Amino acid sequence: MGIIKERFRKKADEVSAEIKEIVKTHGSKKIGEVTLAQVYQGMRGITGLVTETSLLDANEGIRFRGYSIPELQASLPKVKGGSQPLPEGLFYLMLLGTLPTEEEVNHVTSTLQRRSHVPNYVFDTIESLPVNAHPMTQFVVGIMALQTESSFAKRYAEGMSKKDYWDATYDDALDLIARLPRIAAYIYRRKYRNGDHIQPNGLLDWSGNFAHMMGYDDESFKELMRLYMTIHADHEGGNVSAHTTHLVGSALSDPFLSFAAGMNGLAGPLHGLANQEVVKWIFEMREQLGVELPSNEQIEQYVRKTLSEGKVVPGYGHAVLRKTDPRFTAQMEFGRQHMPDDALVNTVWRIYEVVPPILSSLGKVKNPWPNVDAHSGALLVHYGMVEYEFYTVLFGVSRALGVLASLCWDRALGMPLERPKSVTTELVKRWLDGKDEIWEG
Ligand SMILES: CC(C)(COP(=O)(O)OP(=O)(O)OC[C@H]1O[C@@H](n2cnc3c(N)ncnc32)[C@H](O)[C@@H]1OP(=O)(O)O)[C@@H](O)C(=O)NCCC(=O)NCCS
């Protein structure tokens, strides 16, 4: 058994014993109340899940195992001469709960390199789709094709014991994380570079190799990928991609099936697709105004036009966050360092000045501040990655780190089949009339 797997088993055994004790002693304590409005309105604010890898604070933003993004930037190992964290280190942190040393991160990198072979039939399956299929559709189809490689599915069919579920999940999680960059880069080159594919470079780190296979060998683009893969990796457990992966995994669907399900959720415009919407919206604004760098007044008029057409301003608002997303801020700092004069990046910064007061003035938007998607596209366009339909795939590769680390924990902790109670409006009305008990399921 590899050393990381062994450490994970030890840690999971400890946490599992601790949780058993907590539930035994305190299991009947109430941790909240549920209102009817919450039931109808997306279950916001209902605590109903345990996700060990990260925790979201409405004002502070995301913390991964207690560490904020600036803290991770300061303390996670980097490539020689680099200033962004290696996302392999974040995976180690999310999985084991402790910051890795440089040597430990190198170990994760080489484990992923060893597991990164993608069988040819996966590419053939992608090739059977029309080239104009959305990159997220091609991505999910590629993941599903790879599912034939699942150790979990194989071992389950052979009668694997419950106590080994975590072991097979761990193997699948690492295989998937190792192979996703190759699949994603294949889709990018197929769709946007006439199928002129680039072989992996086994000497590079996970994100550096991903950048290389997409055709971007500029060192600062590789740094951007390291940052991008780090900040998009996890956002606690209730967001659509994390929750879906966890939910489908609770049926003991293997990690390939579970992750593909999560990626279908990420492909929705209110979740991961928003990053493509932001760049599309800015490109359309520039085209309509006929200027490269619109003034604040021009942006304001365009924002008002968007709202008057009954559309949302993409990249702004959040279901949980109530301040500027620290993932936005981290990207803004990257922009200041690497491309302070870029017109598109400056447009993003002007939008940041203009939009919050307008959204606040509507009186209904709970969070007028930018989220992660408001900035990411502009940085990618700077390096020539203008194909905004692809951005959600980048998000998906990164998100694998968090949701698959969580899936390892789900199986290690023996999390059961998830099955919340639902009601009908008919029952709600009977309950309001005092005729029925609603909460029995
Ligand atoms: C992220 C998002 C889906 C959160 O939804 P939510 O939790 O329901 O947001 P709120 O509770 O603040 O929504 C209350 C109202 O404000 C509106 N609102 C929220 N964000 C808005 C935005 N960026 N532009 C315009 N209106 C917005 C909602 O559409 C809703 O209007 P309604 O009552 O007429 O239906 C929402 O803010 C949004 O659509 N943002 C744009 C898309 C985006 O950036 N998604 C990426 C998320 S990481």
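Each value in this text was obtained by applying a stated rule to the coordinates, not by laboratory testing. All values derive from a computational prediction rather than experimental measurement. FYI the Cβ positions are ideal-geometry reconstructions off the backbone, even for glycines, and counts take in every protein chain you see.
A few points about this structure:
- Note on segment 3-40: among residues that are small (G, A, S) and in contact (Cβ under 8 Å) with a residue 60 or more places away in the chain, the one that is nearest to G414 (Cα to Cα) is S16.
- For beta carbons closer than 7 Å, sequence separation of 6+ or different chains, a first residue in segment 291-315 that is without any contact (Cβ under 8 Å) to a residue 40 or more places away in the chain and a second that is within 14 Å of the ligand (Cβ to nearest atom), the qualifying pairs are T306/V313.
- Of the residues making up segment 302-312, not a single one is within 12 Å of the ligand (Cβ to nearest atom), within 25 Å of the chain's Cα centre (by Cα), assigned to a loop (DSSP other than H, G, I, E, B) and buried (at least 17 other Cβ atoms within 10 Å of the Cβ).
- Apart from one condition, L401 fits all of (1) buried (at least 23 other Cβ atoms within 10 Å of the Cβ); (2) within 14 Å of the ligand (Cβ to nearest atom); (3) among the aliphatic types (A, V, I, L, M); the exception is (2).
- Selection status of R350, more than 16 Å from the ligand (Cβ to nearest atom), among the charged types (D, E, K, R) and farther than 20 Å from V248 by Cβ: yes
- Taking the criterion of being part of a helix (DSSP H, G or I) and either buried (at least 21 other Cβ atoms within 10 Å of the Cβ) or within 10 Å of the ligand (Cβ to nearest atom) (or both), the residues of segment 357-380 that qualify are I358, L359, L362, D373, A374, H375, S376, G377, A378, L379, L380.
- Of all residues in segment 381-398, those that are of a type in the set (S, T, Y) and either within 12 Å of the ligand (Cβ to nearest atom) or out of contact with any Phe, Trp or Tyr (no Cβ under 7 Å at 6 or more places or on another chain) (or both) total 3.
Results for (1) among the hydroxyl-bearing types (S, T, Y); (2) buried (at least 22 other Cβ atoms within 10 Å of the Cβ), shown as yes or no for each residue.
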position: R193; (1), (2): no, no
position: N201; (1), (2): no, no
position: M214; (1), (2): no, yes
position: S220; (1), (2): yes, no
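- Unmet criterion (only one of (1) without any contact (Cβ under 8 Å) to a residue 12 or more places away in the chain; (2) not in a helix (DSSP H, G or I); (3) not polar (S, T, N, Q)) for R336: (2)
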